[in-house]
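Here is the structure we will look at, set down as structure tokens.
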Amino acid sequence: MGVWRWRRNPLRRQTDLIEAWVAFAALVCVLVVVPAVGCTAGLRVDITLQRAAREQLQERYLVPAVVVRPTADPPSGASADPAAQRQSPQRTQIVASWTAPDGTSHQGMVPAAEEPPHAGDRFRIWTDTAGRIVGRPLDPSTAAVHAGLAGLAAAIGAAAFVETLRRMVVRRLMHRRYIRLDRAWAAAGPDWGRAGAGS
């Protein structure tokens, strides 16, 4: 559509040529720069997340635990509203005992692995070296998916920035065209249609 703006013809304005070059530059950015931004962002996030996943796998251990007894009290922060509990059900808290990788014994409240929990049931929990309960380590495939989504978001953001910039330039060019048209009309308008005015 904008190729005609490069052709030499008496109707081509300077702003038409600028608009064509701006559109060409935006197209190049979308085809070259935007994918590069997305790939770079995705790779950096992937490197960071994969490093975190490796560190977590080295620092977290899956250890066996035994149910001592269910807790009598509801978990702290649990809502008394039954509707809220249906929307976000709370897992039953139990008192369990486990042995840390460093050999120390621990006992504390953890979410039940199965419902209803029974004393003596065995299950496994993630702990650090000292036996403190930690979350499950980040899975490398999950980290890769998150990195891909981050790269996609960066690419979409870069494309949106390029398009916004292009539209702002075109809007400014259109404003300049209207100003020039108003000046030309003001200069020619009083003599428009008068005999002998040369119009």
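Take the conditions within 18 Å of residue 59 (Cα to Cα), loosely packed, with under 14 Cβ neighbours inside 10 Å and hydroxyl-bearing (Ser, Thr, Tyr) and apply them to residue 99. Does it pass? Spell out the reasoning first.
On the way: within 18 Å of residue 59 (Cα to Cα): yes; loosely packed, with under 14 Cβ neighbours inside 10 Å: no; hydroxyl-bearing (Ser, Thr, Tyr): yes.
So residue 99 does not fit the description; no.
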ask   = Any idea how many residues of region 133-183 are surrounded by 14 or more Cβ atoms within 10 Å (Cβ to Cβ), among the β-branched types (Val, Ile, Thr), in a helix (DSSP H, G or I) and over 24 Å from the mean Cα position of the chain (by Cα)?
value = 2
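Readers should treat all values here as calculations from the given coordinates under stated rules, not as data from a laboratory. Just so it is clear, the structure is predicted and the values come from calculations on it, not from any experiment. Note that we place each Cβ from the backbone using ideal geometry, even for glycine, and neighbour counts take in every protein chain shown.
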